[in-house]
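Report on the structure given below.
The values are calculated or read from the model by the stated rules, or taken from the named source; none is laboratory data. Remember, predicted model here, so these are calculated numbers, not experimental data. Neighbour counts run over all protein chains shown; Cβ positions are idealised from the backbone, glycine included. Side chains are part of the model used for accessible areas, which takes the heavy atoms of the whole protein and leaves out ligands, DNA and RNA. Shrake-Rupley method; radii C 1.70, N 1.55, O 1.52, S 1.80 Å.
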Amino acid sequence: MRYLIIDDEHIAHKIIMEYCEMLPHMKLQKNCYSALEALEYLNTHQVELIFLDINMPKLKGFEFLRTLSSPPKVIVTTAYSEFAIEGYELNVVDYLLKPFSLERFLSAINKVTSSTISTISMGRQQNIKPEGKHIFLKQNNSHVQVAIDSILFIEASGNYTKVVTTDGIISIREKISDTIQLFSDNDFLQVHKSFAVAKKHIRSVEGNRIYIGDHKVPIGQTYKSNVNKLLLG
């Protein structure tokens, strides 16, 4: 994900860059220390994400944002909480208050990923496919980076949801309904009240079972129509 930092404070650039360096899919394109510098860069370059400060000289962050006809995803990074409502009115993905922790930063990045996938599922960017997308899932006290393409299925397990991948199982303390919302309907299909499967990994469907990798996933009675639609194309 190509990103741009727009902030007049060098320390802010340093912190964001250090966090992003932990994420292999994040690629810094340019450090801009004013909104005017960013405007000049965006005239000839494209990015998927902007980290945007609000209180900058000459051209404020939100004033800059209003000049963009088709802005990329935006995460606001600021010391001022009073502008949060205005930020969400401008459809920013998240609003980070300085100083922000790594955990809070990763939460914002997850929102960008989820937002991108939702946009794809609504057909607004049909030429973009989710291959290569990653998401951070919180397991106990750590955040595990997962390639979405590696997920086989999702299973409800008590107060947790198990995300079963080609590399293993990640248990997160989330409802399965909330977890499913992180992914595109084009790629994942709920087949049981406790299971959703990745369509691309389905090996076969036999009776009330889906064979996916080395696993068997049950098909719930109320979800048979979902599977039938898939089989009929």
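Test each condition in (1) surrounded by 16 or more Cβ atoms within 10 Å (Cβ to Cβ); (2) out of contact with any helix residue (DSSP H, G or I) (no Cβ under 9 Å at 6 or more places or on another chain); (3) more than 28 Å from Ala147 (Cα to Cα); (4) not hydroxyl-bearing (Ser, Thr, Tyr) for His13 and report the one that comes out false.
(3)
Please name all residue pairs, on different chains or six or more residues apart, with Cβ atoms under 6 Å, provided the first residue is in region 139-151 and is in contact (Cβ under 8 Å) with a residue 12 or more places away in the chain and closer than 9 Å to Thr166 by Cβ and the second residue is among the β-branched types (Val, Ile, Thr) and surrounded by fewer than 17 Cβ atoms within 10 Å (Cβ to Cβ).
So the pair list comes out as Ser150/Thr166.
Are there any pairs with C-beta distances below 6 angstrom linking a residue in region 211-233 that is without any contact (Cβ under 8 Å) to a residue 40 or more places away in the chain to a residue that is in a helix (DSSP H, G or I) and not aromatic (Phe, Trp, Tyr), with the two at least 6 apart or on different chains, and if so which?
Ile219/Val227
Kindly indicate the residue of region 35-58 that is open to solvent by 30 Å² or more (accessible area, probe 1.4 Å) and in a loop (DSSP other than H, G, I, E, B) and also farthest from Glu82 (Cα to Cα) among those meeting that condition.
Thr44
Tally time: how many residues in region 16-34 are open to solvent by 60 Å² or more (accessible area, probe 1.4 Å) and either in a helix (DSSP H, G or I) or farther than 13 Å from Leu4 by Cα (or both)?
The total comes to 4.
If you check every pair at least six apart or on different chains, which have Cβ atoms under 7 Å apart with a residue in region 172-189 that is closer than 16 Å to Asp149 by Cβ and of a type in the set (Asp, Glu) first and a residue that is in a loop (DSSP other than H, G, I, E, B) and modelled with pLDDT under 85 second?
Within 7 Å, the pairs are Asp187/Pro130.
Looking at this structure, is Ile128 at pLDDT below 90, more than 15 Å from the chain's Cα centre (by Cα), surrounded by fewer than 16 Cβ atoms within 10 Å (Cβ to Cβ) and among the β-branched types (Val, Ile, Thr)? Steps first, answer last, please.
Details: at pLDDT below 90: yes; more than 15 Å from the chain's Cα centre (by Cα): no; surrounded by fewer than 16 Cβ atoms within 10 Å (Cβ to Cβ): yes; among the β-branched types (Val, Ile, Thr): yes.
No: the conditions fail for Ile128.
Filter region 46-59 down to the residues that are of a type outside the set (S, T, N, Q) and over 15 Å from Lys73 (Cα atoms), then identify the one that is nearest to the chain's Cα centre (by Cα).
The first filter runs over region 46-59 and keeps only residues of a type outside the set (S, T, N, Q), leaving 47-54, 56-59.
Now narrow it down to the ones that are over 15 Å from Lys73 (Cα atoms): 54, 56-59.
Numbers: Ile54: 23, Met56: 28, Pro57: 31, Lys58: 32, Leu59: 29 Å.
Here the residue is Ile54.
With respect to Asp94, is the statement that it is free of Cβ contacts under 8 Å to residues at least 60 places away in the same chain, open to solvent by less than 30 Å² (accessible area, probe 1.4 Å) and acidic (Asp, Glu) true? Break it down into steps so the answer makes sense when it comes.
Numbers: free of Cβ contacts under 8 Å to residues at least 60 places away in the same chain: yes; open to solvent by less than 30 Å² (accessible area, probe 1.4 Å): yes; acidic (Asp, Glu): yes.
Criteria met by Asp94.
If Lys200 satisfies all but one of (1) among the basic types (Lys, Arg); (2) free of Cβ contacts under 8 Å to residues at least 24 places away in the same chain; (3) part of a helix (DSSP H, G or I), what's the number of the condition it fails?
(2)
Taking the condition within 28 Å of the chain's Cα centre (by Cα), loosely packed, with under 15 Cβ neighbours inside 10 Å and of a type in the set (D, E, K, R), does Lys193 pass?
Details: within 28 Å of the chain's Cα centre (by Cα): yes; loosely packed, with under 15 Cβ neighbours inside 10 Å: yes; of a type in the set (D, E, K, R): yes.
Here the answer is yes, as Lys193 does meet what is asked.
Give the number of residues within region 61-91 that are in a helix (DSSP H, G or I) and free of Cβ contacts under 8 Å to residues at least 24 places away in the same chain.
Of the residues in region 61-91, 6 are in a helix (DSSP H, G or I) and free of Cβ contacts under 8 Å to residues at least 24 places away in the same chain.
Would you pick out the residues in region 156-170 that are farther than 20 Å from Lys133 by Cα and open to solvent by 40 Å² or more (accessible area, probe 1.4 Å)?
Looking only at region 156-170, we keep the residues that are farther than 20 Å from Lys133 by Cα, and these are 156-161.
Matches in region 156-170: Ser157, Gly158, Asn159, Tyr160.
Mind checking which residues of region 203-233 are assigned to a strand (DSSP E or B) and of a type in the set (A, V, I, L, M)? Give the derivation first.
Initially, region 203-233 is screened for residues assigned to a strand (DSSP E or B), giving 203-206, 209-212, 215-218.
Correct list: Val205, Ile210, Ile212, Val217.
Working carefully through the options Glu63, Glu89, find the one that is of a type in the set (Asp, Glu) and under 21 Å from the mean Cα position of the chain (by Cα).
On the way: Glu63 fails: under 21 Å from the mean Cα position of the chain (by Cα).
Of Glu63, Glu89, the one residue that is of a type in the set (Asp, Glu) and under 21 Å from the mean Cα position of the chain (by Cα) is Glu89.
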